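**Student:** Before we start, here is the structure in question, set down as structure tokens.
The values are calculated or read from the model by the stated rules, or taken from the named source; none is laboratory data. These figures come from a predicted structure and were not determined experimentally. Here Cβ is always computed from backbone atoms with ideal geometry, including for glycine, and neighbour counts include all displayed protein chains.
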């Protein structure tokens, strides 16, 4: 029997809270003891990755308290309820089934008479077959020529995740001769976004993927119209250049405006939709269905490790628990995500949505206000760029910001250069290793301006190379981490009521049905 | 006589601190009183912009306390000391002269026998003349053809600012027929970055701008070497494709490896260098020197308003003071920057460096630890994209995050589309107006999950269009805001000792001179 309880009602949390400032990280990471921690505080992940938390301010006693919390909060049982199809998204009264897009984790989930895994798999196969026809040239443009570019039109989860995934694998695919179509993305309702992207696109050879679950997202419909105008002005038939990704009940589903339609459903939230058709169509077109399948396999493997009850075998759960300790016990309000891989340049933006939209809530799943901090602010840029930017504050600012590094032993493009006795890739890796230690141990200096207190905790996810499997595992790791944190905070991590009010007011502005300050702002902005 | 004092020793700060939670923003912004605030709480800025702070949790009493603080902290006098050439960067014993790259603000500043304004102006003219020769074709590639692309190689301030400025004006320049060369940027030591950029560049027609003040930045020299290899492999002479931006004493300054060299000096910090040759060469090449001059004029005009003693006439000082009130009195640890303009997509990344690297410090300018929070975490993405992402947390999360909006009445590209009775641009503007009010006033709902507490403060900078003048004004506004906050916190905002330790340790890793945990991490990363 699952009990949904607030964090501050759990006995295990009380014990954990007593361990505030329990570990002196500077001392823990010094000398050979530090090396032992690096060896021991490592958990294998899916996709050939590993999660190393040696530089987090935890020790065996804290880990024990975290394990007890995981048990009392029934994290494993709650995850099982989710993948077995219970209505976990209580606010919107929906199941939460994104994991089923990559594999079966438990019992068959049947809704509206259909097996959901079979449904997602069917759409995936449809997308794969369509992509193959585009690649072989069975589907061509009006002039009988092959398509060369795919352009995704979507916003939020229909943009950030798929875009981050595309950028993560673009170089890898080029290097492995599997870049079938280059991809571009249009998202912002600012018309300068679409105009700017279209300048770089050869319209006659471009295939557009319109993504909107409801079929009513105003930004996306506006951009669709913008693109259709551009196609018509170029003498092209939009219906021959566009496919839709939507729900079966949406107005887009059966429109003759599209070459094809691919379906998702209400059980997959936007920010969890990269492994559904929302990511599947564009990624299969760009890289081929085999690469997309490898990406799904990595994610599924990560989902399987998320079922482990032992936190030392479950990196997503462990990461979630350590993050909770940092947020609620240590009281740190933000987390930086710092991938030492240019290919992951937009991964932090995806995580920003995933995490902040899921757990940036102040009421629990029953609508009652909680009395503890929930989701932190998430931000980040790739290293080494960040080192030459905001790392100053991370090292010597007045607040402590926990850090999440990601690093790979090998780069993707296979090109490199040896300068001053080391390759670029070695410099990149040397920098991330150096940063972890600089943050953890600091350094005393006679000049206080050059002194570093240390005690700034980080973890690192390490892999051999950013492959499709590794990327899938990375994506699912964070999805599952966020899910476990939502369970711990007793939140519904799968709705987003906080975005509604702005939409309502914007409509009112456009209808000129405003007064007071809203009217005054509208006047200032000439609406 | 200027007194450099800690914030918590100022009598005016004590009075300000007594005004915690003084304004009920929900009530203040409701009804017609809200409209009056929108009208009154607005300050004209340079470049045709205005700074509207109606939705900040301040009133006349708080503003009076802020004005008293500005007086007691001698903000105007400290700025004068800076632009008159005093050694404000005490740690590195340097003057701080970036404002002189755009105009003279006070007395002539003479250093090493040279008038610094004349020096900066001279380099600017050199860059302008060089750019014109490239545009007219007087300077060509070996095959006698014109250059079509400029590629900046730099990191940190040599990348983030110039890149953000280029992206901000690219569409505007295209629309105004003044896009002379397209620009690209290589920054990360990850070899996948350079590889990825070079894939999109026609090397034979590309001009590279190598930017390193010291001439020893490892990431930049590594990328230079990477690019030179690529040029040689394409049968091209690197010396015919590359210029340097550096200091006169750097090893790059007089090298025959470059077509030309342009100079900056130690009085311009990296993150303040967009208006120096660091931004000037690439932007003059991309848009023409006239556009760059307009950009400088906007910045200079903003610097002049920063001299105003009256905070109601000095938007940078007012913005700084309100930010301090939010950070130190209200205790809010982060700030989001949310431009409703796709052209400003990388402006938040630039501000992240500008702000966090300048004021992310825990010792004052005398090296003594301060007992109050200093620089906040800065993050942001363009609206409306952010609305579909992390705004959930901003609206309904447990922490309050102050917001900085930017919006323009007209877009840049001049293309638009009318859907459901409004243009994209109107939708964009309606959204930002709606968000300000949703954050400020919230909305009560019987369903607590759909309830918004409001009381989440924001300001907005509004302009007619993002022109070169407006961009210059925007850039200088934030530079000056950060400077004033540094004065208030009694910090040296112009050094960055926090980035040094990582560099030292990275070198040790590459030399294999490590032990303990650092050695263990290096092994894990196969260095």
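**Student:** Can residue B:96 be described as surrounded by fewer than 15 Cβ atoms within 10 Å (Cβ to Cβ) and under 29 Å from residue B:280 (Cβ atoms)? Don't jump to the end; show me each part of the working.
**Tutor:** On the way: surrounded by fewer than 15 Cβ atoms within 10 Å (Cβ to Cβ): no; under 29 Å from residue B:280 (Cβ atoms): yes.
So residue B:96 fails the test.
**Student:** Still on this structure: Within 14 Å of another protein chain (Cβ to nearest Cβ), buried (at least 21 other Cβ atoms within 10 Å of the Cβ), assigned to a helix (DSSP H, G or I) and within 25 Å of the chain's Cα centre (by Cα) - does that describe any residue in region A:257-270?
**Tutor:** To start, the set of residues in region A:257-270 that are within 14 Å of another protein chain (Cβ to nearest Cβ) comprises A:269-270.
Imposing the further condition that a residue be buried (at least 21 other Cβ atoms within 10 Å of the Cβ) reduces the set to A:269-270.
Of the ones still in play, those that are also assigned to a helix (DSSP H, G or I) are A:270.
Applying the additional criterion that residues be within 25 Å of the chain's Cα centre (by Cα) yields A:270.
Yes, because at least one residue in region A:257-270 is within 14 Å of another protein chain (Cβ to nearest Cβ), buried (at least 21 other Cβ atoms within 10 Å of the Cβ), assigned to a helix (DSSP H, G or I) and within 25 Å of the chain's Cα centre (by Cα).
**Student:** Residues that are closer than 28 Å to residue B:142 by Cβ and assigned by TED's automatic domain parsing to the domain that holds residue B:123: does region B:267-278 have at least one? Reasoning before the result, please.
**Tutor:** Just the residues of region B:267-278 that are closer than 28 Å to residue B:142 by Cβ, to begin with: B:277-278.
Filter once more, so that each one left must be assigned by TED's automatic domain parsing to the domain that holds residue B:123: B:277-278.
Among the residues of region B:267-278, at least one is closer than 28 Å to residue B:142 by Cβ and assigned by TED's automatic domain parsing to the domain that holds residue B:123, which makes the answer yes.
**Student:** Here's a follow-up. Out of all the residues in region A:193-205, is one or more under 26 Å from the mean Cα position of the chain (by Cα), crowded, with 24+ Cβ neighbours inside 10 Å, assigned by TED's automatic domain parsing to the domain that holds residue A:155 and not in a loop (DSSP other than H, G, I, E, B)?
**Tutor:** Yes, that holds for at least one residue.
**Student:** Determine whether residue A:494 is assigned to a loop (DSSP other than H, G, I, E, B), more than 11 Å from chain B (Cβ to nearest Cβ), closer than 30 Å to residue B:435 by Cα and at pLDDT 95 or above. I'd like the intermediate steps shown before the answer.
**Tutor:** Working: assigned to a loop (DSSP other than H, G, I, E, B): yes; more than 11 Å from chain B (Cβ to nearest Cβ): yes; closer than 30 Å to residue B:435 by Cα: yes; at pLDDT 95 or above: yes.
Yes, satisfied.
**Student:** So, residue A:520, is that one within 30 Å of residue B:517 (Cβ to Cβ) and either facing another protein chain (nearest Cβ under 8 Å) or free of Cβ contacts under 8 Å to residues at least 12 places away in the same chain (or both) or not? Write out each step before concluding.
**Tutor:** Working: within 30 Å of residue B:517 (Cβ to Cβ): no; either facing another protein chain (nearest Cβ under 8 Å) or free of Cβ contacts under 8 Å to residues at least 12 places away in the same chain (or both): yes.
When the stated conditions are applied, residue A:520 does not pass them.
**Student:** Testing residue A:473 on (1) assigned to a helix (DSSP H, G or I); (2) closer than 30 Å to residue B:383 by Cβ, one condition comes back false. Which one is that?
**Tutor:** With respect to (1) assigned to a helix (DSSP H, G or I); (2) closer than 30 Å to residue B:383 by Cβ, residue A:473 is out only on (2).
**Student:** For region A:271-283, how many residues are farther than 20 Å from residue A:111 by Cβ and either within 14 Å of chain B (Cβ to nearest Cβ) or part of a loop (DSSP other than H, G, I, E, B) (or both)?
**Tutor:** 2
**Student:** Here's something else I'd like to know. Any residue at all in region B:480-489 that is surrounded by 24 or more Cβ atoms within 10 Å (Cβ to Cβ), within 13 Å of chain A (Cβ to nearest Cβ) and under 30 Å from residue A:460 (Cβ atoms)?
**Tutor:** Taking every residue of region B:480-489 in turn, none turns out to be surrounded by 24 or more Cβ atoms within 10 Å (Cβ to Cβ), within 13 Å of chain A (Cβ to nearest Cβ) and under 30 Å from residue A:460 (Cβ atoms).
**Student:** Can you work out which of the residues in region B:325-349 that are more than 11 Å from chain A (Cβ to nearest Cβ) and buried (at least 24 other Cβ atoms within 10 Å of the Cβ) is farthest from residue A:389 (Cα to Cα)?
**Tutor:** The selected residue is B:325.
**Student:** With within 14 Å of chain B (Cβ to nearest Cβ) and over 29 Å from residue A:437 (Cα atoms) as the only criterion, which of A:6, A:40 stands out?
**Tutor:** One residue alone meets the criteria, A:6.
**Student:** Any residue in region A:151-167 that's at the interface with chain B (Cβ under 10 Å from one of its Cβ atoms) and surrounded by fewer than 24 Cβ atoms within 10 Å (Cβ to Cβ): show its pairings with residues that are at pLDDT 95 or above and part of a helix (DSSP H, G or I) at Cβ separation under 7 Å, as long as the two are six or more apart or on different chains.
**Tutor:** Cβ pairs passing all conditions: A:167/A:343.
**Student:** Something else now. Quick one: in region B:371-394, which of the residues that are more than 7 Å from chain A (Cβ to nearest Cβ) and assigned to a loop (DSSP other than H, G, I, E, B) is nearest to residue A:381 (Cα to Cα)?
**Tutor:** This residue is B:380.
**Student:** Sticking with this one: For region A:368-389, name all the residues that are surrounded by 24 or more Cβ atoms within 10 Å (Cβ to Cβ) and without any contact (Cβ under 8 Å) to a residue 24 or more places away in the chain.
**Tutor:** A:385, A:388, A:389
**Student:** State which residue is nearest to residue B:173 (Cα to Cα) when the search covers only region B:400-438 and only residues that are within 8 Å of chain A (Cβ to nearest Cβ) and in a strand (DSSP E or B).
**Tutor:** Among them, the one singled out is B:407.
**Student:** Given B:164, B:108, B:142, B:118, which one is touching a helix residue (DSSP H, G or I) at 6+ places or on another chain (Cβ under 9 Å) and part of a helix (DSSP H, G or I)? Lay out the reasoning, then the answer.
**Tutor:** Working: B:108 fails: part of a helix (DSSP H, G or I); B:142 fails: part of a helix (DSSP H, G or I); B:118 fails: touching a helix residue (DSSP H, G or I) at 6+ places or on another chain (Cβ under 9 Å).
So the residue among B:164, B:108, B:142, B:118 that is touching a helix residue (DSSP H, G or I) at 6+ places or on another chain (Cβ under 9 Å) and part of a helix (DSSP H, G or I) is B:164.
**Student:** Do you know which residues across region A:358-370 are assigned to a loop (DSSP other than H, G, I, E, B), within 8 Å of chain B (Cβ to nearest Cβ) and closer than 20 Å to residue A:269 by Cα? Can you show your working first?
**Tutor:** Step one: filter region A:358-370 for residues assigned to a loop (DSSP other than H, G, I, E, B), giving A:360-362, A:364-368, A:370.
Then drop every residue that is not within 8 Å of chain B (Cβ to nearest Cβ), which leaves A:360-362, A:367-368, A:370.
If the condition is that a residue be assigned to a loop (DSSP other than H, G, I, E, B), within 8 Å of chain B (Cβ to nearest Cβ) and closer than 20 Å to residue A:269 by Cα, then A:360, A:361, A:362, A:367 are the ones that fit.
**Student:** For the structure I just gave you, tell me whether residue A:219 is surrounded by 17 or more Cβ atoms within 10 Å (Cβ to Cβ), within 14 Å of another protein chain (Cβ to nearest Cβ) and in contact with a strand residue (DSSP E or B) (Cβ under 8 Å, 6 or more places away or on another chain). Lay out the reasoning, then the answer.
**Tutor:** Numbers: surrounded by 17 or more Cβ atoms within 10 Å (Cβ to Cβ): yes; within 14 Å of another protein chain (Cβ to nearest Cβ): yes; in contact with a strand residue (DSSP E or B) (Cβ under 8 Å, 6 or more places away or on another chain): no.
Criteria not met by residue A:219.
**Student:** Any residue that is within 8 Å of chain B (Cβ to nearest Cβ), part of a loop (DSSP other than H, G, I, E, B), in contact (Cβ under 8 Å) with a residue 12 or more places away in the chain and crowded, with 24+ Cβ neighbours inside 10 Å - is there at least one of those in region A:439-450?
**Tutor:** no
**Student:** Against the definition (in a loop (DSSP other than H, G, I, E, B) and either at the interface with another protein chain (Cβ under 7 Å from one of its Cβ atoms) or crowded, with 24+ Cβ neighbours inside 10 Å (or both)), how does residue A:352 come out, yes or no?
**Tutor:** Details: in a loop (DSSP other than H, G, I, E, B): no; either at the interface with another protein chain (Cβ under 7 Å from one of its Cβ atoms) or crowded, with 24+ Cβ neighbours inside 10 Å (or both): yes.
It is false that residue A:352 is in a loop (DSSP other than H, G, I, E, B) and either at the interface with another protein chain (Cβ under 7 Å from one of its Cβ atoms) or crowded, with 24+ Cβ neighbours inside 10 Å (or both).
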